[in-house]
Structure formats: C-alpha cells, structure tokens
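One structure is given here, and the rest of the page talks about it.
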C-alpha cells in the first residue's frame, strides 16, 4: 500500500519484512521467492532496487497485472515494466 502516494515510504516495510523473514525463518537452501504486491506502479528506480535485492514486484494497472521481470518469470504478472 502506498502511503500518501509515496513509494519511497511504502517500500521500506515491504522490503524490510521480506528480507527479515527470509533471513530469520529459512535456511539458505530453502529460501522462498520474495514478492511485494503494490497498489500502483512503483517507478523505474524502485523497480530496479527491488530486483537488485531479489524481490519481485507486482501491481494492477489498466486492468492487467504488471510487474518486474522476476514477477513475469514467476507467472505473477502479464507484462513486464521496463527499467
């Protein structure tokens, strides 16, 4: 969820929670895929940031699911948002 339309604020809890749970709850060989679902597009800079940290990002836009390359590869998004 975006807070006041700001992805800058919204991505902190998503990334923090995903990385913390992945680190604390899973062995290295059993790490789950990391996916963040957003209510609107995240923007090129943050799309790249999330991908660099192994987090697929997905959002609904114009009636279709869009997301990062990783999200498309996982089958979670119909089209890839380009960085």
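Miscellaneous remarks
- Single condition residue 81 does not satisfy, out of (1) closer than 16 Å to residue 15 by Cα; (2) touching a residue at least 40 places away in the same chain (Cβ under 8 Å); (3) surrounded by 16 or more Cβ atoms within 10 Å (Cβ to Cβ): (1)
- Considering residues of the stretch 16-39 that are loosely packed, with under 13 Cβ neighbours inside 10 Å and assigned to a loop (DSSP other than H, G, I, E, B) only, the residue nearest to the chain's Cα centre (by Cα): 39
- Condition check for residue 42: closer than 12 Å to residue 81 by Cα, modelled with pLDDT under 85, touching a helix residue (DSSP H, G or I) at 6+ places or on another chain (Cβ under 7 Å) and not in a helix (DSSP H, G or I): yes
- Taken together, the residues in the stretch 45-78 that are part of a loop (DSSP other than H, G, I, E, B), at negative phi and either at pLDDT below 90 or surrounded by fewer than 17 Cβ atoms within 10 Å (Cβ to Cβ) (or both) amount to 3.
- Being assigned to a helix (DSSP H, G or I) and at pLDDT 85 or above is a property that residue 12 lacks.
- Residues that are without any contact (Cβ under 8 Å) to a residue 12 or more places away in the chain and within 15 Å of residue 34 (Cβ to Cβ), drawn from the stretch 48-66: 52
The values are calculated or read from the model by the stated rules, or taken from the named source; none is laboratory data. This is a predicted model, so every value here is computed, not measured. FYI the Cβ positions are ideal-geometry reconstructions off the backbone, even for glycines, and counts take in every protein chain you see.
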